[in-house]
Structures are given as C-alpha cells and as structure tokens.
Amino acid sequence: MGMVHKKRKKTTYSRSASHRKKRNRTRRRAVILWITALLLIPMALVSLGAYLLLSPAGNARENTYIYIRPTTTLTDVERQLQQNTRLRRPSFFHLAARYYKLEEKLRPGRYGIAPRMNTKQILETLAHGKQSAVRFHLRHVRTQEDLIGRMTGKLMMKPEELSSLLADSAFCDSLGFDSHSIRSLFLPETYEVDWDIRPKDLVLRLKRYYDRYWTAERRSLADSLGLTPIQVSIIASIVEEESGKADEYPQIAGLYIRRLREGMPLQADPTVKFAMGDFSIRRILNVHLQTDSPYNTYKNEGLPPGPIRLPHTATMDSVLRADRHGYLYMCAKEDFSGRHRFAHTYAEHQRNAALYRKALNERGIK
C-alpha cells in the first residue's frame, strides 16, 4: 500500500506542475498579445492619421483661393474650403487645424489651393503665410477712376484708400509728382503683388518699374528735347489717343514738340474728349472746345497737367526719338483709315480739314 500511495503522489505532483506551466504559457501569450495590441493600436492610429493628413483634402478639379482678412476666423476658413474644395473630411480637418493652432497663425492674404493638396499642405500654406500673388494689368487705362479700379479690383484694399493716397499732395511730391502727373508713374504693364498689400507699398512697388524704365540714356534723350519724363509721358498719351498707327507716332510726337517750342497751343482733340469725360465723341464741335478744364488744350497753352491715358513704353520711346520735321498741323484722312495728313502751313491744313469734314458729313457723323 505504501508503494501505491507513493506512485499516486508523484502523479498528482506531475499533473500540477504541468498545469502551472500551461497557465504560465497562457499568461505569457496573453501578455504578448496585450503588448502587441498596445503597440499596434498606436501604429494603426498613426498610420490612419498620416493617411488622412497626406491624402487629398478636397474634391476640387481646379485651383481655388482662400481669402483671409484681419477678422477672418477658423470657421470662416473652413467654410471657404468647404465651398471651394468640397472637403472630404471636414471633421478631421477641423481637428488637425486645432492641433496646428491654425487660428492663432492666420495672416491676411490670398492663398492658392491646388486640387491635389492634402490637409498638411493646406495647413502649412495657411499657417506660414504662403500667399499666391495677384496679377493685374494696366493696359487701356485713361482716367484716375479707371486706374484705381483696375489696381484695387483684385486686392483687399478699398478704392477710396488708394484714391486718398494719390490725392495726397505731400505723398505725390515725395515721389516727384503732383496729384495729376502721378498717373505718369504707372506703366501699362502686368504686375504681381500680394493681395493684402497696402496702398503706399503698392505705389512704391510700381515706381520701381517706372525707375527701371527711365534709364540714364532715356533721361538724357528727354533732356535733349527739353522735356522731363513726366512731359514725355503726357505727350505719349496724346499721341496714342491721336492714332492707332504706331509708325505715325514719331511724326505726331515731333509735331507736338514743335508746337510747344513755337509757343502754339497744342489743340489736340483727344484732350477735349478727356476734359469732357466722353471718349465716344467722333466729331469735335465748337461747343466741345469751350469745355472748361485744364486738360482742354484748345483753351490752355502748353501740356495738360497729366497724361490722358497710360501710354505704352514703346510710345514713350517714339516720343524720345521724335521726328525732326517742319509739320505744325495734322488732320485725320478722309478715308477713315486711321492715318493723318500732315501740313506745314495753316492754309494747307485747312484744305485737309475740309476734305475730312466733307467725309464726316457724307457719312452723317455729327
């Protein structure tokens, strides 16, 4: 019996040890599984976050823009993004923007959003103030209102802000102009500036183009004609309004320069149209010549106080290289080709003018 008892005791001990080993193995597996889960879950979350951050944020098919003013909030930004790019995951973008503290970093500006930009790129663009420049053109500009509207139409600044600056005699004088001649500063080019640029900075930016044009050589040419850069611009503006034929520009410029030297009134019809603010007039009548304005060169001697349009630099070059001829008069040709007849004497001019008046009458142009 004693031997049998010993055998049973050994078997019980063996089974108990084996059971403990199994439990330990199970516990170890459970611990490993928990550890693995604890490691995989954050990795999965990180992977998901990276995917959401780096995948396209919206569904737009073309470039769009977000405009941020000093009063713009994060909600306003999200609304613009939703409208313009159709955000795929608005809630995630909101969380990411909060994490980036985007609202604290918003800066006024115009920001370009490309179709395939991801959330991270959009946030960095906005947070770092990576603006997209605004492009505007100053071609075919005549009046001050045209000029101001063309420059401010795509910018954050209000038209009255720029208008007030250009009417400031002290500011204009600091640049070498007055409130009329300041238009000479603006060349009919294509410009790129930040959307939130201030009026003063805008004018100073464009003056760099003006200064680059007026090289020492060009200033020397103007001086040889007895003209200032402003006067060259004014004459060029009249020349452009007189004719659409560039090959006539040196002749027309030479005519007006000679009139100035002779002390004769310019009597340029385009200045009358400018004085009246009506550029649709096809026939200048005596009643038009009575218009009371410093721009009416029939009533006032010398040049008008400012350009009657923004002349192209090529036209100003034509003025600087004006023909030296004896013409004092010009009249549009009666064939309405846009070209002119030039005359040395008033009698010759009268004959040319009679031909043109007859053609106007025959066409019923009043």
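The values are calculated or read from the model by the stated rules, or taken from the named source; none is laboratory data. Bear in mind that the values here come from a model prediction, so they are computed numbers and not experimental data. All Cβ positions, glycine included, derive from the backbone under ideal geometry; neighbour counts span all protein chains shown. These accessible areas exclude ligands, DNA and RNA; they are computed on the full protein's heavy atoms, side chains included. Shrake-Rupley method; radii C 1.70, N 1.55, O 1.52, S 1.80 Å.
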For this session: Given the conditions (1) at pLDDT below 95; (2) crowded, with 19+ Cβ neighbours inside 10 Å; (3) polar (S, T, N, Q), report the number of the one that S181 does not fulfil.
Result: (1)
Problem set entry | Residue in segment 95-110 that is open to solvent by 80 Å² or more (accessible area, probe 1.4 Å), of a type in the set (D, E, K, R), at pLDDT below 90 and more than 18 Å from D196 (Cα to Cα) present | no
Problem set entry | Extreme residue, farthest from N84 (Cα to Cα), among residues of segment 125-139 that are of a type in the set (D, E, K, R) and surrounded by fewer than 13 Cβ atoms within 10 Å (Cβ to Cβ) | R139
Problem set entry | A222 vs. criteria open to solvent by 70 Å² or more (accessible area, probe 1.4 Å), among the small types (G, A, S) and over 20 Å from V141 (Cβ atoms) | no
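Could you count how many residues in segment 142-175 are part of a loop (DSSP other than H, G, I, E, B) and either in contact (Cβ under 8 Å) with a residue 24 or more places away in the chain or surrounded by 16 or more Cβ atoms within 10 Å (Cβ to Cβ) (or both)?
Going residue by residue through segment 142-175, those that are part of a loop (DSSP other than H, G, I, E, B) are 142-143, 153-158, 167-168, 175.
Going one step further and asking which of them are either in contact (Cβ under 8 Å) with a residue 24 or more places away in the chain or surrounded by 16 or more Cβ atoms within 10 Å (Cβ to Cβ) (or both), we end up with 142-143, 154-157, 175.
Of the residues in that region, 7 qualify.
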Seminar exercise, completed: Across segment 111-124, the tally of residues that are open to solvent by 10 Å² or more (accessible area, probe 1.4 Å) and not in a strand (DSSP E or B) stands at 7
For this session: Tell me, yes or no, whether segment 318-341 has at least one residue that is assigned to a loop (DSSP other than H, G, I, E, B), in contact with a strand residue (DSSP E or B) (Cβ under 9 Å, 6 or more places away or on another chain), open to solvent by less than 40 Å² (accessible area, probe 1.4 Å) and among the hydrophobic types (A, V, I, L, M, F, W, C).
Result: yes
Problem set entry | Pairs, first within 11 Å of I68 (Cβ to Cβ) in segment 100-128, second polar (S, T, N, Q) and buried (at least 16 other Cβ atoms within 10 Å of the Cβ), C-beta under 8 Å, six or more apart | L106/T72; P108/T72; G109/Q131; R110/Q131; R110/S132; Y111/T125; Y111/Q131; Y111/S132
Problem set entry | Residues (in contact with a helix residue (DSSP H, G or I) (Cβ under 6 Å, 6 or more places away or on another chain) and among the polar types (S, T, N, Q)) located in segment 244-291 | T291
Problem set entry | Segments classed as helices (runs of 4 or more DSSP H), wholly inside segment 210-292, with at least 2 members that are within 17 Å of M330 (Cα to Cα) and small (G, A, S) | 229-242, 249-262
For this session: Just need a number here: residues in segment 276-291 that are of a type in the set (D, E, K, R) and touching a residue at least 12 places away in the same chain (Cβ under 8 Å).
Result: 2
Exercise. Within the group L123, L185, L204, which residue is of a type outside the set (V, I, T), over 14 Å from the mean Cα position of the chain (by Cα) and within 30 Å of K101 (Cβ to Cβ)?
Worked result: L123
Exercise. Out of segment 70-94, which residues are within 15 Å of G58 (Cα to Cα), surrounded by fewer than 18 Cβ atoms within 10 Å (Cβ to Cβ) and touching a residue at least 24 places away in the same chain (Cβ under 8 Å)?
Worked result: N84, R86, R88, R89, F92
Exercise. Do we find that F171 is aromatic (F, W, Y), more than 30 Å from Y100 (Cα to Cα) and touching a strand residue (DSSP E or B) at 6+ places or on another chain (Cβ under 8 Å) in this structure?
Worked result: no
Exercise. Name the pairs: first residue in segment 323-341 and over 13 Å from K245 (Cα atoms), second residue at pLDDT below 90 and open to solvent by 40 Å² or more (accessible area, probe 1.4 Å), Cβ to Cβ under 7 Å, at least 6 apart or on different chains?
Worked result: none
Exercise. Which residue out of E348, E362 is of a type in the set (D, E, K, R) and surrounded by 14 or more Cβ atoms within 10 Å (Cβ to Cβ)?
Worked result: E348
Seminar exercise, completed: Flagged in segment 199-216 as among the basic types (K, R) and touching a Leu at 6+ places or on another chain (Cβ under 9 Å), in numbering order, are K200, K207
